[in-house]
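To start, the structure under review is shown below, and the notes come after it.
The values are calculated or read from the model by the stated rules, or taken from the named source; none is laboratory data. In this text the structure is predicted, and so the values were computed from the model without any measurement. Cβ placement follows ideal geometry from the backbone for every residue including glycine, while neighbour counts extend to all protein chains displayed. Side chains included, ligands, DNA and RNA excluded: accessible areas come from the protein's heavy atoms. Shrake-Rupley method; radii C 1.70, N 1.55, O 1.52, S 1.80 Å.
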Amino acid sequence: METTKTDLLVVGSGIVGLACAYAGLRQGLTVQVIDRDPFCVGASIRNFGFVTVTGQGSGATWRRARRSRDIWATVAPLAGIPIEHTGLLLLAQRQQAESVLQELLLTEEGEQLEWLAPTQLQERAPHLAHAHIRGALYSPHELRIEARHTIERLRQWLATQGVQFRMEQTVHQVATGRVVCGASVYRAERVVVCPGPDIRSLFPDVFARYQTQQCQLQMLRVRPPQGYQLGSGVMSDLSLVRYRGYRELPGSQMLEDRLRLECPSELHHGIHLIVVQSADGSLVVGDSHHYGAAMPPFASAQVDTLILAEMQRLLCLGSYQVEERWTGIYPSGNTDAFIETVLPGVQLMSVTSGTGMSTAFALAEECLTGKETI
Ligand SMILES: Cc1cc2nc3c(=O)[nH]c(=O)nc-3n(C[C@H](O)[C@H](O)[C@H](O)COP(=O)(O)OP(=O)(O)OC[C@H]3O[C@@H](n4cnc5c(N)ncnc54)[C@H](O)[C@@H]3O)c2cc1C
């Protein structure tokens, strides 16, 4: 069955595909999006919904994160997506972590950040376990949206703006100007393929060239005591040896050496702490990182225990209840993201570093305009 031709056809309705549809609309293009599922159930609904700028390093990913954050701030109110909270508190438990954060303050990335001494932190975030914290770096740039509702709301809003969605259609073949889903053939001037962690079905050779594998994360939703207010997203010392922006600083090796002695299991499981809060007061807490060609679906109780112990060290919740546990997978490669022309008029776009919520809007602009984010 032949269908009407559009200017732009996007494969995948995760955040990368939706960002591409939005960028297409902004260029005045007619846009169709195809997805094999009735609604997105991929990485884009499983994440923290934490649009993170600080820690991305001072290169392209940081610039994309800043631009994408601005686009989120514009699009969220239009699409009826609440911003749950803003900002990020990087809590320093160890002297070596404090040194890394002080080093960050002296870089371009650190320009609008603020060091909070213990008394200032106590005022700003009274519900933390202050006895264990030497101070914190506050970043004002971050936004938090509720990923599981956001993606569907964004999709529905894009539909009201004219984007046509073809859900429950699996794309088997992509050629110049043409996408084949079973008996249906969709035609378009331009095709952008955004398949998330499905690195084997379409253009597997390109994913292989970027040494892409799957990265699986464990996540939890925790109910804190009534009235608990986090204020901003929170990260811990363990985050400073994971994110490039901190890892590249001279002091991070000393921090890592100490963490290797004190937290070998956490490092082994790629655990670091992110906590964000939802409108109903619950906390989204994570995460861990396990890599492989294919990931078994079994979530480890030991990993959850380690994540929750780090949470308790910093948040001091007293009693809490775990309400949900889930895993998510993103593609992980030797670059943060890539846009590759795979055929004339066909591009493959993938965020291969677990930063898609933070960078997709800017990447999509780059894909459609051919201009780098400044
Ligand atoms: C647990 C977890 C926490 C994270 N936290 C954050 C965070 O806080 N901040 C941040 O910036 N990033 C975070 N990330 C990373 C972020 O979620 C991803 O980078 C982003 O969601 C990737 O979006 P995507 O559109 O590429 O993939 P997906 O959301 O997986 O979407 C891909 C879509 O493509 C469709 N598809 C694939 N192949 C086909 C086909 N052949 N035919 C039709 N449809 C197809 C799938 O059905 C799917 O809907 C996190 C990731 C995980 C897993």
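General remarks:
- Exactly one residue out of A294, A279 is outside any strand (DSSP E or B) and over 24 Å from E146 (Cα atoms): that is A294.
- Among residues of region 72-85 that are closer than 16 Å to L158 by Cα, those with a beta-carbon under 6 Å from a residue that is open to solvent by 10 Å² or more (accessible area, probe 1.4 Å) and among the aliphatic types (A, V, I, L, M) at least six positions away or on a different chain give the pairs W72/L143; A76/I83.
- Region 322-338 - residue that is buried (at least 16 other Cβ atoms within 10 Å of the Cβ) and in contact with a Phe, Trp or Tyr (Cβ under 9 Å, 6 or more places away or on another chain) and, of those, nearest to E372 (Cα to Cα): F338
- Among residues that are of a type in the set (A, V, I, L, M, F, W, C) and in a strand (DSSP E or B), V222 is included.
- Residue that is surrounded by the fewest Cβ atoms within 10 Å (Cβ to Cβ) [pool: residues in region 250-303 that are of a type in the set (D, E) and in contact with a helix residue (DSSP H, G or I) (Cβ under 6 Å, 6 or more places away or on another chain)]: E256
For (1) under 29 Å from D257 (Cα atoms); (2) crowded, with 19+ Cβ neighbours inside 10 Å; (3) touching a residue at least 60 places away in the same chain (Cβ under 8 Å), each residue gets a yes or a no:
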position	(1), (2), (3)
T30	no, no, yes
F39	no, no, yes
W62	yes, yes, yes
A92	yes, yes, yes
V100	yes, yes, yes
L106	yes, no, no
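- Hits in region 356-374 (condition: closer than 8 Å to R67 by Cβ and either assigned to a helix (DSSP H, G or I) or basic (K, R) (or both)): F361, A362, E365
- Helices (runs of 4 or more DSSP H) contained entirely in region 111-219, each with at least 1 residues that are open to solvent by 50 Å² or more (accessible area, probe 1.4 Å), of a type outside the set (A, V, I, L, M) and in contact (Cβ under 8 Å) with a residue 40 or more places away in the chain: 118-124, 147-160
- Subset of region 4-30 [within 15 Å of the ligand (Cβ to nearest atom) and farther than 24 Å from R69 by Cβ]: L9, V11
- Output for region 339-374, where each listed residue is open to solvent by less than 10 Å² (accessible area, probe 1.4 Å) and within 21 Å of V206 (Cα to Cα): V346, L348, M349, S350, T352, T359, A360, L363, A364, C367
- A residue that is in contact with a Gly (Cβ under 9 Å, 6 or more places away or on another chain), open to solvent by 10 Å² or more (accessible area, probe 1.4 Å), charged (D, E, K, R) and within 15 Å of the ligand (Cβ to nearest atom) occurs nowhere in region 66-73.
- Which listed residue is away from the ligand (no atom under 12 Å from the Cβ), without any contact (Cβ under 8 Å) to a residue 12 or more places away in the chain and in a strand (DSSP E or B), from T341, T305, T335: T341
- Only one of the numbered conditions (1) open to solvent by 40 Å² or more (accessible area, probe 1.4 Å); (2) within 13 Å of the ligand (Cβ to nearest atom) is violated by S319, and that is (2).
- Residue in region 31-50 that is farthest from G356 (Cα to Cα), counting only those that are touching a Phe, Trp or Tyr at 6+ places or on another chain (Cβ under 8 Å) and more than 6 Å from the ligand (Cβ to nearest atom): Q32
- Within region 19-68, tally of residues that are under 18 Å from the mean Cα position of the chain (by Cα), at pLDDT below 95 and within 26 Å of D7 (Cα to Cα): 1
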